[in-house]
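The values are calculated or read from the model by the stated rules, or taken from the named source; none is laboratory data. From a predicted model like this one, the values you see are computed outputs, not experimental measurements. When we count neighbours, we look across all protein chains shown, and the Cβ atoms used for this are built from the backbone with ideal geometry, even at glycine.
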Amino acid sequence: MTQTVKIGKSNVVTTPLGLGTNKVGGHNLFDGLKDENGVQVVKAALNDGISLLDTAYMYGLGKSEEIIGDVTQNYDRDKFVIATKAAQDPNNHLKPNNDPKFLKQSVDDALKRLQTDYLDIFYIHFPDDHTPKAEAVHALAEEKQAGKIKAIGVSNFSLTQIKEANADNQVDIVEDNYSLVHREAEKEELPYLKAHQISFVPYFPLASGLLTGKYTPADGQHFSQFSAEQYTTIMQALEKVKAIAVNHQATVAQTILAWYIKDPDISVVIPGARLADQVHSNAQALNIQLSDDEFKQIDQLFKDF
């Protein structure tokens, strides 16, 4: 597995496939999670050569970070990348807080839970309504200078907020909602990021399972954000993706992940997983080399989204 990507203007290098860990310890977000499954998910990722673990305070209010911290004690810290996020203030009903003092405390708290000396990437998870974004990023730049973090990220920021945060060109990475069926970011956000050497990480890359190929034309009620016509278009497109997948002896989900990996505007794709088997399956996407024609074909199938 030799593919690597550099994060923004930092010296952080990772594989183009990471692991989203909201189902690792995220008991406040998902029902029926078992911590032991979370442990096995993290181990599976690291053992399969997936180097980026994407977590957040909000995933279990620190529980996800704690599980990752415990598991990673048995691995070489130089061989994997930890990205975490904070903004939700536990002392104010979990409302977003971008105050410099709060963010610095959040970095320290995350370091303890993750049992590490540094965070490769630290994101402001959500914008608040009052802190100047450049001021918030400046606080993280001081943490970077102190060696506590290596790359600065923002998540769920509008383009206007991203520009404000990046006033001094200190933002390295942006994480935002993006998938083949949610392509709004392509219009203005991605061109801005590319022009300013800012990496991009899409969350919900498989659109809450819709792009895995496991749903049928009769399941449209589970995806009320799409009209009946849109849902039909997606189902028809996935049938054509299935044909491409067969050529690569792959699943639809693996093929879609391979599309993101090939996309030059995307740095790292971070599908989540509840079970280790899902991680092993996702990791196979790194072995799929889509042709330029296949990439364009998939792109065109979802062009209306």
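In summary, Lys303 fulfils each of the numbered conditions (1) in contact (Cβ under 8 Å) with a residue 12 or more places away in the chain; (2) within 15 Å of Tyr178 (Cα to Cα) with the single exception of condition (1).
The residues in the stretch 24-80 that are of a type in the set (S, T, N, Q) and surrounded by fewer than 20 Cβ atoms within 10 Å (Cβ to Cβ) can be counted, and the count is 6.
Being touching a residue at least 12 places away in the same chain (Cβ under 8 Å), closer than 23 Å to Gln161 by Cα and out of contact with any Lys or Arg (no Cβ under 8 Å at 6 or more places or on another chain) holds for only one residue in Lys104, Lys63, Lys79, and it is Lys104. Is the stretch 179-195 home to any residue that is among the aliphatic types (A, V, I, L, M) and part of a strand (DSSP E or B)? Scanning the stretch 179-195 turns up no residue that is among the aliphatic types (A, V, I, L, M) and part of a strand (DSSP E or B). On the stretch given as the stretch 138-156, residues that are of a type outside the set (S, T, N, Q), surrounded by fewer than 24 Cβ atoms within 10 Å (Cβ to Cβ) and not in a loop (DSSP other than H, G, I, E, B) total 7. When the stretch 97-125 is filtered for residues that are buried (at least 19 other Cβ atoms within 10 Å of the Cβ) and of a type in the set (Phe, Trp, Tyr), the ones remaining, listed by number, are Phe102, Phe122, Tyr123. The residue that is surrounded by the most Cβ atoms within 10 Å (Cβ to Cβ), among those in the stretch 194-213 that are without any contact (Cβ under 8 Å) to a residue 24 or more places away in the chain and not polar (S, T, N, Q), is Gly209. The set of residues in the stretch 81-96 being crowded, with 22+ Cβ neighbours inside 10 Å and farther than 14 Å from Lys150 by Cα consists of Ala86, Ala87.
When the stretch 186-209 is filtered for residues that are within 18 Å of Asp54 (Cα to Cα) and either more than 11 Å from the chain's Cα centre (by Cα) or not β-branched (Val, Ile, Thr) (or both), the ones remaining, listed by number, are Ile198, Ser199, Phe200, Pro202, Tyr203, Phe204, Pro205, Leu206, Ala207, Ser208.
Among the helices (runs of 4 or more DSSP H) confined to the stretch 207-305, there are none with at least 3 residues that are touching a His at 6+ places or on another chain (Cβ under 6 Å) and more than 26 Å from Val42 (Cβ to Cβ).
A residue that is at pLDDT 95 or above, of a type in the set (Asp, Glu) and surrounded by 14 or more Cβ atoms within 10 Å (Cβ to Cβ) can be found somewhere in the stretch 275-298.
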